[in-house]
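The structure under discussion appears below in the form of structure tokens.
The values are calculated or read from the model by the stated rules, or taken from the named source; none is laboratory data. Predicted model, so just to flag it, every value in this text is computed and none were measured. Reconstructed Cβ throughout: ideal geometry from the backbone, glycine too, with neighbour counts over all protein chains shown. SASA here: full protein model, heavy atoms, side chains in, ligands and nucleic acids out. Shrake-Rupley method; radii C 1.70, N 1.55, O 1.52, S 1.80 Å.
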Amino acid sequence: MVRNPERRTALVDAAIEVLAREGARGLTFRAVDIEAKVPPGTASNYFTSRDDLFTQAGRHIHVRMTPDPAEVSEAMRPAPSRELVASLMHWLLRRIVKERTGYLAMLELRLEATRRPELREAMTEAVHADLEANIAFHLDAGLPGDADTVRLLYFAMTGLLVEHLTLPGVLGEDEGTAERLVQMVVDRVLGS
């Protein structure tokens, strides 16, 4: 296997683009080479198999989707409150909509993980670690609620984001529907 970390990252990013656009069936070495604008056969020099390509994409997607620490610091400037939790959930919605490609690729990877044990293991580990980190962040920041509050927000936001990005008509045609639903999620989970 060739060892060029920058090229490997570029190939994995290309795989994520292909996944979002073409789905799991479209993720081939050839499609990755074309997306990355590299010579034919390059991806097959970096990944031992298609399973390996899926697994590497599954590991990298979380790195790609992690917000910049400076943005997190800026978002956390207000004092801990229900309003800050709502603001963070609205920020999450805006970030995911902005990084739509990454989120759609993540959904493809989750579905593919039901059929690929190595990918399932990588995705489970990454998603579990992210959820635990979010719980710790929430509690350490003194935000209202407990670990179960974070879990409920996570599950509700995951469902809302899936609908918003895949079948937005389910939520309604109005532009502000997702924003209103985010506020309702926070209000219902945290109470008055």
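Results for (1) of a type outside the set (A, V, I, L, M); (2) more than 30 Å from residue 52 (Cβ to Cβ); (3) outside any loop (DSSP other than H, G, I, E, B), shown as yes or no for each residue.
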site: 126; (1), (2), (3): no, no, yes
site: 153; (1), (2), (3): no, yes, yes
site: 158; (1), (2), (3): yes, no, yes
site: 162; (1), (2), (3): no, no, yes
site: 186; (1), (2), (3): no, yes, yes
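Considering only residues that are farther than 25 Å from residue 111 by Cα and open to solvent by less than 50 Å² (accessible area, probe 1.4 Å), which ones fall in region 159-180?
Across region 159-180, the qualifying residues are 172, 176, 177.
Regarding residue 152, is this residue closer than 21 Å to residue 27 by Cα, in contact (Cβ under 8 Å) with a residue 24 or more places away in the chain and open to solvent by 80 Å² or more (accessible area, probe 1.4 Å)?
Spelling it out, it is not the case that residue 152 is closer than 21 Å to residue 27 by Cα, in contact (Cβ under 8 Å) with a residue 24 or more places away in the chain and open to solvent by 80 Å² or more (accessible area, probe 1.4 Å).
Looking at (1) assigned to a helix (DSSP H, G or I); (2) surrounded by fewer than 16 Cβ atoms within 10 Å (Cβ to Cβ); (3) over 15 Å from the mean Cα position of the chain (by Cα), which is the only condition residue 97 fails?
(3)
Among the listed residues 105, 126, identify the single one that is closer than 23 Å to residue 64 by Cα, touching a Lys or Arg at 6+ places or on another chain (Cβ under 7 Å), touching a residue at least 40 places away in the same chain (Cβ under 8 Å) and not aromatic (Phe, Trp, Tyr).
Answer to the check: 126.
Select from region 114-140 the residues that are over 16 Å from the mean Cα position of the chain (by Cα) and open to solvent by less than 30 Å² (accessible area, probe 1.4 Å) and list them in ascending order.
135, 138
Looking only at region 50-93, count every residue that is outside any helix (DSSP H, G or I) and either aliphatic (A, V, I, L, M) or open to solvent by 50 Å² or more (accessible area, probe 1.4 Å) (or both) and tell me the total.
Within region 50-93, residues that are outside any helix (DSSP H, G or I) and either aliphatic (A, V, I, L, M) or open to solvent by 50 Å² or more (accessible area, probe 1.4 Å) (or both) number 7.
Collect the residues in region 22-47 that are in contact (Cβ under 8 Å) with a residue 40 or more places away in the chain and open to solvent by 60 Å² or more (accessible area, probe 1.4 Å), keeping them in residue-number order.
Result: 45, single match.
With respect to the numbered conditions (1) over 19 Å from the mean Cα position of the chain (by Cα); (2) farther than 23 Å from residue 20 by Cα, which one is the sole condition not fulfilled by residue 169?
Unmet for residue 169, out of (1) over 19 Å from the mean Cα position of the chain (by Cα); (2) farther than 23 Å from residue 20 by Cα: (2).
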